[in-house]
1. Listed here are the pairs K32/K137; K47/K119; K32/K66; K47/K134; K101/K134; which of them are more than 29 Å apart at the Cα?
2. Given H placed 1.01 Å from N in the peptide plane, which residues other than close sequence neighbours of G112 have an amide H under 5 Å from its amide H?
3. What span do the alpha-carbon atoms of the range 58-115 cover on each of the three principal axes, reported in whole Å from largest to smallest?
Amino acid sequence: MKRIKKLLATGMTLGAFTLGATNAGALENLVKTVTEGCKTELETYCKNVTPGEGRVLACLYAYEDKLSGRCDYALYDASVQLERVVNAISYVANECEADLKKYCADLSPGGGRLAACLKKNEQKLDERCQQAMKDIKLEAK
């Protein structure tokens, strides 16, 4: 099933580079979508799987021929949501590349560190980066 493979692959990439709290809500919605839509399958086939590192999605993938239409749609919806988050991160990373190198080079990606750095330096960022942050609502509070 392409959707589960896509969720697994994209989710791993997203874990390595996350811009922070703005996307945390989107990721919570993604998990909720799959958890609710695949409730029966998760309880039936994956109840003993320890969450994390894509193990639950791998379990669903193993039982792809037994997934209900509701679960299949939830996985599709989650893949679309995840794609939006990844596109937003990619957009900001591209538009802010020079600023990330200039102000945040000493930080490792993940845990919202890059987002916090951009927010902290927002007044010094070039216009394209500032606009990208506004576009995805990653603004300093």
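1. Pairs exceeding 29 Å: K47/K119; K47/K134.
2. When sequence neighbours closer than 5 places are left aside, the close amide H contacts are T18, G20.
3. That works out to 50, 19, 13 Å along the principal axes.
Bear in mind that the values in this text are calculations on the coordinates, not laboratory data. What you are looking at is a predicted structure, and each value in this text was computed from that prediction instead of being measured.
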